[in-house]
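Visitor: Input: one structure, supplied below.
The values are calculated or read from the model by the stated rules, or taken from the named source; none is laboratory data. The structure presented is a predicted model; accordingly, all values stated were derived computationally and were not measured. Positions of Cβ are generated from backbone atoms using ideal geometry, with glycine treated the same way; all protein chains shown enter the neighbour counts.
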Amino acid sequence: MRNIGHFYRLRYGFLYPETPEDGQSLGELFRTTAEKIAGMIAHLQATADELKLPFSARVMTYNSRLAQELGKWTMTQGKGDAFHHAAFKAYFADGLKQLVCLNGAGKRG
């Protein structure tokens, strides 16, 4: 992933802790229509394109607790940046689900 000149600080917290392990559709999560979800995804895709970031459209979300716990641990091991870049790519660019994403991120760093 390239540096786009933005500073960030990682924070850990569960946006939607009630998300089931096997995932939840974005329509169910946000209690909205497929058309509105399509509009949200189009906006995210346009923003990603503008910033030249990888993005894979998805209609499901998954519980991120394990990924966040692993991310926090990798920070203590000096591997936090590598893990977060790999996890971002696996989830948002490659469209992998969390457990597969964690496996892929672990192999990269």
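Visitor: Considering the range 56-85 alone, what residues qualify as being farther than 30 Å from Thr33 by Cβ and of a type in the set (D, E, K, R)?
Guide: Scanning the range 56-85 gives Glu69, Lys72, Lys79, Asp81.
Visitor: Show the residue pairs that are 6+ apart or on different chains and have beta-carbon atoms under 9 Å apart, the first residue being within the range 48-60 and charged (D, E, K, R), the second being part of a helix (DSSP H, G or I) and surrounded by 14 or more Cβ atoms within 10 Å (Cβ to Cβ).
Guide: Every condition considered, the pairs that remain are Arg58/Leu26; Arg58/Ile41; Arg58/Tyr91; Arg58/Phe92.
Visitor: Now, a different point. Show me the helices (runs of 4 or more DSSP H) found entirely inside the range 5-109 where at least 1 residues are modelled with pLDDT under 85 and polar (S, T, N, Q).
Guide: Filter on the range 5-109 gives 65-76, 98-108.
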